[in-house]
Amino acid sequence: MDDRKKATAAEVDIKKVFGRSADQLILNVVKESCQDAFNLPSFTETLQTIKTHFYDRNYDAVFQNPAHLPVYSARYAPSRALCYYHLFLEHPVLMKTLEGGPSTILCIGSGAGSELVGIAAAMVHANPVPKTKKKKASADKPKKDAKGSDVILTGVEEQDSISVKGGDPSLERATDEAGTLGMENLNLSLTTTDTTLNTADASSASSPIATTTTTTTTKAKKARINRHQVTIVMQDYVDWSPILGPMETVVRARMQLGPERLRCETEIGNVLDLSEGLLQRIQKADLITFMFVLNELFQDKKRTMLLVAKIVAAMPAGAHMLVVDSAGSFSNLKVGERTYMVYMLLDHLKDLEIVYQDDATWYRCPPSVTYPLKLENMRHFVRIYRKL
Ligand SMILES: C[S@@+](CC[C@H](N)C(=O)[O-])C[C@H]1O[C@@H](n2cnc3c(N)ncnc32)[C@H](O)[C@@H]1O
């Protein structure tokens with residue numbers, strides 16, 4: 001089949017799945033998955049309780065009560081799923097994680113299902129990668145294999161330092177003040193030049209073929225057999241399986257994503273504890289997402305800074321991190337007398353390159369779609385980072 005015919009075939013497939021409106025199908029998937037929640041006589045009352053806890057920033061009270069979870073998903077997952085779907089479509093670097101053969105997306109704090117629905121819907125658009133381009137696709141991504149690379153940790157305590165780049169005076173003050181907050185153990189250090197890439201790393205970045213190892217060759221072979229398989233790991237500190245189980249079933253049925261295309265895994269545990277199992281997942285992930293969870297984690301500044309340092313150290317070179325959160329005061333981070341947005345600390349990490357940044361953008365739900373509840377427009381910031 002020539003490329004034009006292939007494109008037409010892909011469009012037919014997309015139409016077959018989504019019908020007239022992808023947005024409406026996404027909402028229908030969430031609605032169908034959450035039908036039991038809508039039938040709850042206490043739905044409105046529970047939603048009010050959840051909102052009150054949010055207002056008080058008492059996140060544990062929202063999520064540690066199993067009765068809240070179905071109501072939370074029914075209310076918040078639809079607009080988020082739409083937003084994440086469009087975000088993936090807008091950014092080729094994100095779509096690439098759905099197109100280039102087996103890949104793993106680790107979604108922190110994703111129990112409510114928004115990431116599952118949004119990313120799965122984006123997968124429907126994923127282009128087939130011609131076999132001949134396979135090698136190039138993996139070569140485009142100068143990712144070191146965790147097993148053989150210098151980023152692997154023998155013990156997480158070894159990597160407790162965060163280096164910030166650029167010599168930004170305000171961040172310099174922030175890092176000074178971090179010490180006064182008991183964050184001095186993080187050993188934040190400022191440099192005016194980025195010395196992360198040694199000569200070998202720099203040459204491998206510009207000449208990716210040089211980084212090809214036995215492991216990546218094996219991966220490429222596997223990719224030919226099992227193209228486009230995406231594993232979404234839904235990490236959360238609460239067991240969301242009563243919601244995620246039915247949602248996965250509906251996603252697979254409505255979006256025509258069989259296990260050969262989509263694998264769903266869950267990982268339960270407080271991310272701040274960074275278990276050995278989670279660390280291993282980080283070392284293998286092509287993309288790590290923090291969607292509307294980072295500012296909750298920053299309630300505990302010291303542990304979250306430590307977590308970020310360990311995650312960045314453990315990420316394979318070339319892997320990406322996607323951070324989306326409120327663009328408003330919910331994402332403020334007070335350090336000493338100063339207030340920063342949470343992304344400012346990430347922006348200055350020496351080992352992360354900013355691939356895309358937007359400090360405030362709106363996702364507005366289209367007026368033409370229908371859902372049993374009013375859909376919320378979302379003002380949020382976006383960061384896509386690449387591990388150097
Ligand atoms: C505001 S919700 C966002 C859910 C989802 N990411 C989305 O965009 O719709 C925050 C999520 O993070 C989870 N969470 C909160 N604190 C956590 C922690 N310390 N470790 C892991 N998950 C956590 C909650 O259970 C909840 O699912």
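Looking at Met344, Met321, just one residue is in a strand (DSSP E or B) and touching a Leu at 6+ places or on another chain (Cβ under 8 Å), and that residue is Met321. Filtering region 88-100 to residues that are open to solvent by less than 10 Å² (accessible area, probe 1.4 Å) and hydrophobic (A, V, I, L, M, F, W, C) leaves Phe88, Leu94, Leu98. Within region 262-281, can one find any residue that is in contact (Cβ under 8 Å) with a residue 24 or more places away in the chain, in contact with a Leu (Cβ under 9 Å, 6 or more places away or on another chain) and of a type in the set (S, T, N, Q)? Checked region 262-281: at least one residue is in contact (Cβ under 8 Å) with a residue 24 or more places away in the chain, in contact with a Leu (Cβ under 9 Å, 6 or more places away or on another chain) and of a type in the set (S, T, N, Q). Test Thr44 against the criterion of being surrounded by 15 or more Cβ atoms within 10 Å (Cβ to Cβ), part of a helix (DSSP H, G or I) and either more than 16 Å from the ligand (Cβ to nearest atom) or at pLDDT 95 or above (or both), and give yes or no. So Thr44 does not fit the description; no.
The residues on offer are Tyr363, Tyr385, Tyr340, and the sole one that is touching a helix residue (DSSP H, G or I) at 6+ places or on another chain (Cβ under 7 Å), open to solvent by 20 Å² or more (accessible area, probe 1.4 Å) and hydroxyl-bearing (Ser, Thr, Tyr) is Tyr363.
Note on region 63-73: residues that are more than 12 Å from the ligand (Cβ to nearest atom) and buried (at least 21 other Cβ atoms within 10 Å of the Cβ) amount to 2. When region 324-341 is filtered for residues that are of a type outside the set (Ser, Thr, Tyr) and not in a strand (DSSP E or B), the ones remaining, listed by number, are Ala327, Gly328, Phe330, Gly336, Glu337. Taken together, Val308, Val324 contain a single residue that is near the ligand (Cβ under 9 Å from one of its atoms) and under 14 Å from the mean Cα position of the chain (by Cα), which is Val324.
Condition check: under 20 Å from the mean Cα position of the chain (by Cα) and more than 13 Å from the ligand (Cβ to nearest atom). Does Pro78 satisfy that? Spelling it out, it is not the case that Pro78 is under 20 Å from the mean Cα position of the chain (by Cα) and more than 13 Å from the ligand (Cβ to nearest atom). Close contacts from region 299-325, counting a first residue that is within 23 Å of Tyr55 (Cα to Cα) and open to solvent by less than 10 Å² (accessible area, probe 1.4 Å) and a second that is outside any loop (DSSP other than H, G, I, E, B) and hydroxyl-bearing (Ser, Thr, Tyr), with Cβ to Cβ under 6 Å and a gap of 6+ residues or different chains, come to Asp325/Ser331. So, in region 108-118, of the ones that are in a loop (DSSP other than H, G, I, E, B) and within 6 Å of the ligand (Cβ to nearest atom), which residue ends up surrounded by the fewest Cβ atoms within 10 Å (Cβ to Cβ)? Per the criteria, the residue is Gly109. When every residue of region 265-283 is checked against the conditions, at least one turns out to be outside any helix (DSSP H, G or I) and more than 14 Å from the ligand (Cβ to nearest atom). Looking at Tyr85, Tyr76, just one residue is open to solvent by less than 20 Å² (accessible area, probe 1.4 Å), assigned to a helix (DSSP H, G or I) and of a type in the set (Ser, Thr, Tyr), and that residue is Tyr85.
Asp60 satisfies every condition listed in (1) buried (at least 17 other Cβ atoms within 10 Å of the Cβ); (2) assigned to a helix (DSSP H, G or I); (3) within 11 Å of the ligand (Cβ to nearest atom) except (1). Only a single criterion out of (1) surrounded by fewer than 24 Cβ atoms within 10 Å (Cβ to Cβ); (2) in contact (Cβ under 8 Å) with a residue 12 or more places away in the chain; (3) part of a helix (DSSP H, G or I) is not satisfied by Lys51, namely (2). Considering the conditions (1) touching a residue at least 12 places away in the same chain (Cβ under 8 Å); (2) away from the ligand (no atom under 16 Å from the Cβ), Pro92 is excluded by exactly one of them, (1).
The combined condition, being within 12 Å of the ligand (Cβ to nearest atom) and β-branched (Val, Ile, Thr), is not fulfilled by Ile105. Which one is farthest from Leu297 (Cα to Cα), of the residues in region 347-371 that are assigned to a loop (DSSP other than H, G, I, E, B) and within 16 Å of the ligand (Cβ to nearest atom)? Here the answer is Tyr371. Residues being over 27 Å from the mean Cα position of the chain (by Cα) and farther than 22 Å from Ser241 by Cβ: count how many of those fall in region 20-48. The number of residues fulfilling the criteria is 5.
The values are calculated or read from the model by the stated rules, or taken from the named source; none is laboratory data. Being a predicted model, the structure only gives us computed values, none of them experimental. As a convention, Cβ positions derive from the backbone with ideal geometry for all residues, glycine included, and neighbour counts pool all protein chains shown. For accessibility, only protein heavy atoms count, side chains too; no ligands or nucleic acids. Shrake-Rupley method; radii C 1.70, N 1.55, O 1.52, S 1.80 Å.
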